[in-house]
């Protein structure tokens, strides 16, 4: 169908990203599964295809802008537009930690991937999103990216001092805020969505939510209708303070 929405989900070969891709596909969206490893991307997309869902794969390495540019060209050539961008891909690093002890190399790697890589993907895909009648950008956020919560001694997250990871997600929130303002008056809606504490490779399989549960809110915001509000920071319990 010509009016089928087209979605790109980064880092969609496993974890929350894979579940977001599945839930979007089950909603009738054609999902482009992106992964650093092309074979893993093909495997994840192939599983959806076997279920009778519309899916394909593409290579995107957030640290390699050539793959990002090539992906944008491929999507433009095949689909002519993009309706949904879910910026899910991100990393942690065992050498990250509190400001007094974190490896600066680890912090640099995390910032380059989680923030600058996501910015690069967003910039590359924006010309395609501008061709959509209702573009949706979902940035996968975390409560750890909230400055208010990081500064609240009563918060259960107060002691989670990972200067690289937390700062990368705070920077991602700045992208949401500024991009939502810049795109005000256009059909493109941008939000930061925290899925919750999910059992994935990134969390060391700690957490209290399954990837399926964690994918629900990001998928919901990717599918927002005409009454969508832009520039929000949300988690399953409601709005999160910046």
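The values are calculated or read from the model by the stated rules, or taken from the named source; none is laboratory data. Not measured: the values here are computed from a predicted model. Here the Cβ is made from the backbone with ideal geometry for all residues, glycine too, and neighbour counts use every protein chain on show.
So which of 106, 71, 94 ends up being surrounded by fewer than 19 Cβ atoms within 10 Å (Cβ to Cβ), modelled with pLDDT of 95 or more and over 21 Å from residue 194 (Cα atoms)?
Going through 106, 71, 94 in turn, just one is surrounded by fewer than 19 Cβ atoms within 10 Å (Cβ to Cβ), modelled with pLDDT of 95 or more and over 21 Å from residue 194 (Cα atoms): 94.
Report whether or not residue 18 is touching a helix residue (DSSP H, G or I) at 6+ places or on another chain (Cβ under 6 Å) and under 24 Å from residue 187 (Cβ atoms).
no
Out of 40, 36, report the one residue that is more than 13 Å from residue 9 (Cα to Cα) and in contact (Cβ under 8 Å) with a residue 12 or more places away in the chain.
From the options 40, 36, the qualifying one is 40.
Is it true that some residue in the stretch 164-172 is modelled with pLDDT of 95 or more, under 20 Å from residue 117 (Cα atoms) and touching a strand residue (DSSP E or B) at 6+ places or on another chain (Cβ under 8 Å)?
Here is the first cut: in the stretch 164-172, the residues modelled with pLDDT of 95 or more are 164-172.
Those still in the list that are under 20 Å from residue 117 (Cα atoms) too: 164-172.
Narrowing the set further to residues that are touching a strand residue (DSSP E or B) at 6+ places or on another chain (Cβ under 8 Å) leaves 172.
Yes, the conditions are met somewhere in the stretch 164-172.
Consider residue 86 against the criteria (1) at pLDDT 95 or above; (2) at positive phi: it satisfies all of them except one. Which criterion is unmet?
(2)
For the list (1) surrounded by 24 or more Cβ atoms within 10 Å (Cβ to Cβ); (2) in contact with a strand residue (DSSP E or B) (Cβ under 8 Å, 6 or more places away or on another chain); (3) within 22 Å of residue 139 (Cβ to Cβ), I need the number of the one condition that residue 15 fails.
Status for residue 15: all satisfied but (1).
Give the number of residues within the stretch 1-33 that are without any contact (Cβ under 8 Å) to a residue 60 or more places away in the chain and assigned to a strand (DSSP E or B).
4
Looking at the stretch 186-209, which of its residues are in a loop (DSSP other than H, G, I, E, B) and at pLDDT 95 or above?
Scanning the stretch 186-209 gives 186, 187, 188.
Does residue 57 satisfy being assigned to a strand (DSSP E or B), free of Cβ contacts under 8 Å to residues at least 60 places away in the same chain, under 25 Å from residue 167 (Cα atoms) and in contact with a strand residue (DSSP E or B) (Cβ under 7 Å, 6 or more places away or on another chain)?
Judged against the criteria, residue 57 is not a match.
Restricted to the stretch 38-54, and to residues that are touching a helix residue (DSSP H, G or I) at 6+ places or on another chain (Cβ under 6 Å) and in a helix (DSSP H, G or I), which residue is surrounded by the most Cβ atoms within 10 Å (Cβ to Cβ)?
44
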